[in-house]
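All remarks here apply to the structure that follows.
The values are calculated or read from the model by the stated rules, or taken from the named source; none is laboratory data. From a predicted model like this one, the values you see are computed outputs, not experimental measurements. Don't worry about glycine lacking a Cβ; one is built from the backbone with ideal geometry, like all the others, and counts go over all protein chains shown. Heavy atoms of the whole protein, side chains included, go into the accessibility calculation; ligands, DNA and RNA do not. Shrake-Rupley method; radii C 1.70, N 1.55, O 1.52, S 1.80 Å.
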Amino acid sequence: GEPITYKIRFRGAEHEVTIRCSIAKREVRLGEGQPGNRPYGQHAGRNVGVSIMRADRELDLDASWSNPSEPRDRWWGVEVDVPPALDDLFGVTNNKQSARYFSDLAKTNVEELLAEGKTIGGTRDESEAEYDAQWALFEIASSVRKQINIMQALLRKMKEGTGSRRDASPQDGHESPEAKATEVAKRRQLKGKVGQSDKQENLTTDEKLHDVAQSLIATGVAEGEDATRIAAEIVGRGYKFEFQHAAHTGSPAFFDVQSRGGKIIVVLNTEHPVYEQLVEVLEVDTSSATEEELRQRVIRASESLNLLISAWARYEDEQPPGDYLHRAREARWEWGRMARDFLDGE
């Protein structure tokens, strides 16, 4: 979008701070292979964060505004252009290598500061003009964070409608989860365990294609020719299970299940916190990630998994004694039995 300019009055004079944002084009982010592994993707991966410009020179590339476990942060850029007259306000160090006061706001809830009337080290015994300037600094930081959040949301949506984000084919000698789950489903069929999707396996290929395409449209995964193309890929792969991704705004569920065309189509809700905090952390490409990035992803995934289980535990804890509590426990037991079948031997 257009640059955002703030006018700040500091020590008797007015100065301008300009925020400029950019995001990689769709064609750069998509395509065959992993764009992050291409030369420009690797270059972008080494230049992540908010660029603080001072007198036409980059003072600092502040990575504290980005997420070390999110490789897609390489695809957005923010530049904050600050005049030398605001060095003291932004906390520019003597060696002109960083703006520490502004960097402190990267991990601070600026909205709470603005609401509660707090400052970061500043007090009202300063002149009113300088105090107002400090509030302007908070507003600039808040604006930067909002722009980053918008771009991150756009990047999350950029692949929607293009099919599964993770290749379902074997990788690094490991059979895909779709293939493993299909084998478990077949074993259960032999034991007389029949699901709704099993009853549809005798449909003609055209009927399967139509059913799957309609499911993709109904769940918001794709439309028109994209839905037809993805349906053909799903039917052609021959797996019982397929994972897709779509935004289900307002839905409390983090995934949807559709039994169509002989397939079990699991649609992961990209708008649910579980998606960002667990699914994305584990599914994004790791081939170009550093050891620290991988460590941060494992920590984040572990925390998210424990919180997910805690959410169920609290749900069960809040059920009144009697039928509601009994049904909740039975659901947990049945899912546990099913999970044991699917994970046995892993």
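Filter segment 314-345 down to the residues that are of a type in the set (A, V, I, L, M) and surrounded by 12 or more Cβ atoms within 10 Å (Cβ to Cβ) and list them by number.
LEU325, ALA328, ALA331, MET338 - these are the residues of segment 314-345 that are of a type in the set (A, V, I, L, M) and surrounded by 12 or more Cβ atoms within 10 Å (Cβ to Cβ).
Report yes if some residue within segment 158-168 is of a type in the set (Val, Ile, Thr), at pLDDT below 85 and part of a helix (DSSP H, G or I); otherwise report no. Talk me through it step by step, then tell me what you get.
Here is the first cut: in segment 158-168, the residues of a type in the set (Val, Ile, Thr) are 162.
Cutting the leftovers down to at pLDDT below 85 gives us 162.
Applying the additional criterion that residues be part of a helix (DSSP H, G or I) yields none.
No, segment 158-168 contains no residue that is of a type in the set (Val, Ile, Thr), at pLDDT below 85 and part of a helix (DSSP H, G or I).
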Only one of (1) open to solvent by less than 60 Å² (accessible area, probe 1.4 Å); (2) out of contact with any His (no Cβ under 9 Å at 6 or more places or on another chain); (3) among the aromatic types (Phe, Trp, Tyr) is not met by TYR275, so which one is it?
(2)
Within segment 186-225, residues in a helix (DSSP H, G or I) and open to solvent by 70 Å² or more (accessible area, probe 1.4 Å) come out as LYS186, ARG187, LEU190, LYS199, THR205, ASP206, GLU207, HIS210, GLN214, ILE217, ALA218, GLU225
Which one of the conditions (1) over 30 Å from GLN196 (Cα atoms); (2) surrounded by 21 or more Cβ atoms within 10 Å (Cβ to Cβ); (3) not β-branched (Val, Ile, Thr) does ARG300 fail to meet, given that it meets all the rest?
(2)
For the list (1) modelled with pLDDT of 90 or more; (2) within 32 Å of the chain's Cα centre (by Cα); (3) of a type in the set (Gly, Ala, Ser); (4) surrounded by fewer than 20 Cβ atoms within 10 Å (Cβ to Cβ), I need the number of the one condition that GLY238 fails.
(1)
Only one of ARG26, ARG46 is among the basic types (Lys, Arg) and within 19 Å of the chain's Cα centre (by Cα). Can you tell me which?
ARG26
Hits in segment 171-185 (condition: in a loop (DSSP other than H, G, I, E, B) and either more than 20 Å from VAL266 (Cα to Cα) or modelled with pLDDT of 90 or more (or both)):
ASP172, GLY173
Against the condition among the hydrophobic types (A, V, I, L, M, F, W, C) and in contact (Cβ under 8 Å) with a residue 60 or more places away in the chain, how does ILE264 come out, does it pass?
yes
